[in-house]
Amino acid sequence: GIYEYINPAYAAMLGYSPDEMIGELLDNFVDPDDLEKLNEETRHRYHGEATTYEIRLLHKDGHVVHALITGVPRYANGKIIGAIAAVTDLTERKRIEIERENLLTEMEKKNAELERFTYTVSHDLKSPLVTIAGFLGFLEADIEQGNYVRVSRTVTRIHEAAKKMQRLLEELLELSRIG
């Protein structure tokens with residue numbers, strides 16, 4: 001668990017020089033929440049297994065570096081004496097994954113909001129249609145019966161319902177322009 005050799009690119013990934021890391025415990029550079037994971041993977045290597053896993057490392061300035069580590073046992077005289085590891089910086093990929101998840105969550109919320117809005121608009125637009133359809137039936141009956149006083153009132157109600165629908169549609173279009 002102590003660094004004997006450090007690739008300069010790996011040291012730079014964590015904000016150190018190789019000399020600052022050689023002789024230090026690997027644990028000192030691992031996010032404390034990932035120490036148990038590191039210990040588990042180390043146990044596998046000491047049983048002769050190669051392992052690949054994601055872990056959070058700590059940069060010198062304190063920020064987290066997401067990394068993919070592939071570690072293989074290192075042998076001398078047929079005995080495991082340590083491990084050699086290749087480390088890949090996954091920080092940018094993790095940032096993109098988190099951003100993607102946030103966008104998906106936001107999109108799901110917007111879709112749910114749009115569904116509620118569509119339901120409300122549909123209901124609001126049906127109301128004038130029902131009024132128009134109902135009063136058209138009255139209008140036909142009044143014309144057949146020659147009741148022209150009611151015809152005038154019925155036509156007025158149909159006009160009002162049509163104006164209401166027109167207003168709702170204009171407001172809907174205005175809302176879509178606003179975004």
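The values are calculated or read from the model by the stated rules, or taken from the named source; none is laboratory data. Everything quoted here is computed from the prediction, not taken from an experiment. Reconstructed Cβ throughout: ideal geometry from the backbone, glycine too, with neighbour counts over all protein chains shown. In case anyone asks, the SASA skips ligands and DNA or RNA and just uses the protein heavy atoms, side chains included. Shrake-Rupley method; radii C 1.70, N 1.55, O 1.52, S 1.80 Å.
What the table below lists for this structure:
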item: Solvent exposure, largest accessible area first (probe 1.4 Å, DNA, RNA and ligands not counted), of Tyr46, Tyr16; result: Tyr46, Tyr16
item: Relative contact order [Cα under 8 Å, 6+ residues apart], the chain, whole percent; result: 12
item: Inverse mean reciprocal Cα-Cα distance (Kirkwood Rh) of the chain, Å; result: 22.8
item: Potential lengthening between Glu20 and Val130 on full extension [0.36 nm per residue; Cα-Cα distance subtracted]; result: 31.7 nm
item: Average accessible surface area per residue within the chain, 1.4 Å rolling probe, Å²; result: 70
item: Listed residues Leu104, Leu14 arranged by accessible area, highest first, probe 1.4 Å; result: Leu104, Leu14
item: Cα centre as origin, Lys/Arg/Asp/Glu Cβ charges: the chain dipole, Debye; result: 860
item: Among Leu25, Gly134, Leu14 - extreme Cα towards positive end, dipole of the chain, charges at beta-carbon; result: Gly134
item: 27 Å Cα cut-off, lysine pairs counted over the range 1-138 (separation 8 or more, or different chains); result: 8
